[in-house]
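Participant: Pasting in a structure now, in structure tokens, and then I'll have a few things to ask.
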Amino acid sequence: MLEMNYAHASMEPRLEIRHLRLVAAVSEVQSMTRAAQRLHLTQSALSHQLHDAEERLGLPLFLRVNRKMVLTPAGQKLLDSARRVLHELQSTEDQILGLQGPAGTIRVSTECYTCYHWLPPVLRVFQQKFPNVEVRIEAEATPRPLVALLEGKLEVAVVSSEPHDRRIQLQPLFEDELAVVLPPRHRLAKQKWIRPRDLAQERLLIYPPRRESTLLKVLAASGFEPRAVQEIPLTEAIIELVRAGMGIGLLARWAIAPRVHSGELVARPLTKSGIHRRWSAATLQAERAPEYLAQFLTLLKQTIPGKRNRTPA
């Protein structure tokens with residue numbers, strides 16, 4: 001047993017990877033000072049490692065000639081081996097990381113709270129393909145997603161407005177329609193479409209901030225003001241208040257499709273031609289964007305609700 005243990009111990013390499021990197025660095029720059037900087041070590045630490053390697057081998061690896069570090073025959077032989085080993089190690093590490101896929105973070109926000117409802121299916125499919133890429137929804141950027149994009153706080157902003165900055169590029173996603181949402185027994189539910197003046201005496205439920213409300217802008221352009229306005233940040237809350245007869249909302253047809261199909265709600269166009277939006281994915285102009293970001297944008301376009309948003313009222 002003792003002989004077997006001794007034989008096994010004698011086969012253990014005397015040097016470590018750090019020693020191989022040391023020999024490669026010192027031989028390349030021929031200076032302990034510059035090699036220490038390259039390896040992010042102090043010169044004394046590097047000198048200690050070199051002394052340790054030479055002591056383990058029982059031979060000098062370098063000689064000082066005219067202030068330069070010159071390899072000995074033993075050092076040259078070790079350098080040849082070190083280069084092969086370090087190259088093989090790097091190649092293996094790259095292959096292993098390649099099996100895991102690229103890593104990174106995509107921060108996303110939208111211009112409308114309703115849009116967050118169709119993001120989860122996108123995220124599930126994307127993270128199956130890119131498990132090491134984190135997709136983070138930045139809901140606090142919803143009021144001003146383009147500003148957040150320009151400030152470097154987002155990678156993607158899903159917007160319906162046109163940016164006025166050449167640093168931003170747009171990729172078209174889908175179109176949808178905003179519809180007036182009513183309880184089935186509401187006096188306006190029998191109309192084929194809703195006129196702005198029909199809403200002048202109603203309590204309107206809108207997303208904050210008030211100044212950016214599409215519904216209020218349409219009424220103002222027609223010269224009407226609503227009787228009352230309540231700002232509600234959550235789509236579900238607007239839907240429940242409409243169901244309870246506590247007000248009228250303006251929501252994307254695809255967002256209320258299940259409730260319309262079940263008869264819980266009625267959706268009618270606002271104005272005869274309706275209110276339509278064109279959505280795009282806004283990103284910053286970049287020479288080389290990560291491949292996973294391009295894949296995320298493609299998936300957005302394939303998974304968005306625009307292909308199924310024509311819901312019968």
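Participant: With respect to Leu154, determine if the residue is farther than 16 Å from Ala267 by Cβ, outside any strand (DSSP E or B) and out of contact with any His (no Cβ under 6 Å at 6 or more places or on another chain).
Facilitator: Spelling it out, Leu154 is indeed farther than 16 Å from Ala267 by Cβ, outside any strand (DSSP E or B) and out of contact with any His (no Cβ under 6 Å at 6 or more places or on another chain).
Participant: Let me ask another. Identify all residues within segment 198-228 that are outside any loop (DSSP other than H, G, I, E, B) and either among the acidic types (Asp, Glu) or not assigned by TED's automatic domain parsing to the domain that holds Leu182 (or both); write none if there are none.
Facilitator: Correct list: Asp198, Glu212.
Participant: Is it the case, given these coordinates, that Asp165 is out of contact with any Gly (no Cβ under 7 Å at 6 or more places or on another chain) and either outside the structural domain of Ala286 (by TED's automatic domain parsing) or buried (at least 20 other Cβ atoms within 10 Å of the Cβ) (or both)?
Facilitator: It is false that Asp165 is out of contact with any Gly (no Cβ under 7 Å at 6 or more places or on another chain) and either outside the structural domain of Ala286 (by TED's automatic domain parsing) or buried (at least 20 other Cβ atoms within 10 Å of the Cβ) (or both).
Participant: Does Glu177 satisfy the condition of being at pLDDT below 95 and assigned to a loop (DSSP other than H, G, I, E, B)?
Facilitator: no
Participant: Moving on. So, of the residues in segment 274-313 that are under 13 Å from the mean Cα position of the chain (by Cα) and of a type in the set (S, T, N, Q), which turns out to be modelled with the lowest pLDDT?
Facilitator: In this case the residue turns out to be Gln295.
Participant: Would you be able to tell me the number of residues in segment 127-170 that are closer than 16 Å to Thr110 by Cβ and under 11 Å from the mean Cα position of the chain (by Cα)?
Facilitator: The qualifying residues number 9.
Participant: Exactly one of these conditions fails for Arg211: (1) touching a strand residue (DSSP E or B) at 6+ places or on another chain (Cβ under 6 Å); (2) exposed (fewer than 13 other Cβ atoms within 10 Å of the Cβ). Give me its number.
Facilitator: Every listed condition holds for Arg211 apart from (1).
Participant: Right, here's the next one. Considering only residues that are within 14 Å of Leu20 (Cβ to Cβ) and either touching a Cys at 6+ places or on another chain (Cβ under 7 Å) or at pLDDT below 90 (or both), which ones fall in segment 40-85?
Facilitator: none
Participant: Right, here's the next one. Given the structure, is Thr271 among the hydroxyl-bearing types (Ser, Thr, Tyr), at pLDDT 85 or above and either more than 30 Å from Ala200 (Cα to Cα) or out of contact with any Phe, Trp or Tyr (no Cβ under 7 Å at 6 or more places or on another chain) (or both)?
Facilitator: No; evaluated as a whole, the condition is false for this residue.
Participant: Could you tell me which of the residues Leu234, Leu251 is under 20 Å from Val158 (Cα atoms), within 29 Å of the chain's Cα centre (by Cα) and either outside the structural domain of Arg187 (by TED's automatic domain parsing) or surrounded by 18 or more Cβ atoms within 10 Å (Cβ to Cβ) (or both)?
Facilitator: Only one candidate qualifies: Leu251.
Participant: Would you say Leu188 is modelled with pLDDT under 90 and surrounded by 13 or more Cβ atoms within 10 Å (Cβ to Cβ)?
Facilitator: no
Participant: Could you say which residue among Leu89, Leu71, Leu61 is touching a residue at least 60 places away in the same chain (Cβ under 8 Å) and either among the hydrophobic types (A, V, I, L, M, F, W, C) or surrounded by 14 or more Cβ atoms within 10 Å (Cβ to Cβ) (or both)?
Facilitator: When all the criteria are applied, what remains is Leu89.
Participant: Please tell me if Leu50 is hydrophobic (A, V, I, L, M, F, W, C) and assigned to a loop (DSSP other than H, G, I, E, B).
Facilitator: no
Participant: Still on this structure: Out of (1) touching a residue at least 24 places away in the same chain (Cβ under 8 Å); (2) over 18 Å from Thr142 (Cα atoms); (3) not in a helix (DSSP H, G or I), what's the single condition that is false for Lys190?
Facilitator: (1)
Participant: What's the total number of residues in segment 108-128 that are modelled with pLDDT of 85 or more and farther than 21 Å from Glu151 by Cβ?
Facilitator: 7
Participant: Looking only at segment 115-138, count every residue that is touching a Gly at 6+ places or on another chain (Cβ under 6 Å) and either in a strand (DSSP E or B) or farther than 17 Å from Thr298 by Cα (or both) and tell me the total.
Facilitator: Of the residues in segment 115-138, 2 are touching a Gly at 6+ places or on another chain (Cβ under 6 Å) and either in a strand (DSSP E or B) or farther than 17 Å from Thr298 by Cα (or both).
The values are calculated or read from the model by the stated rules, or taken from the named source; none is laboratory data. All of these numbers come straight from a predicted model, not from anything done at the bench. Virtual Cβ from ideal backbone geometry, glycine too; neighbours counted across all protein chains shown.
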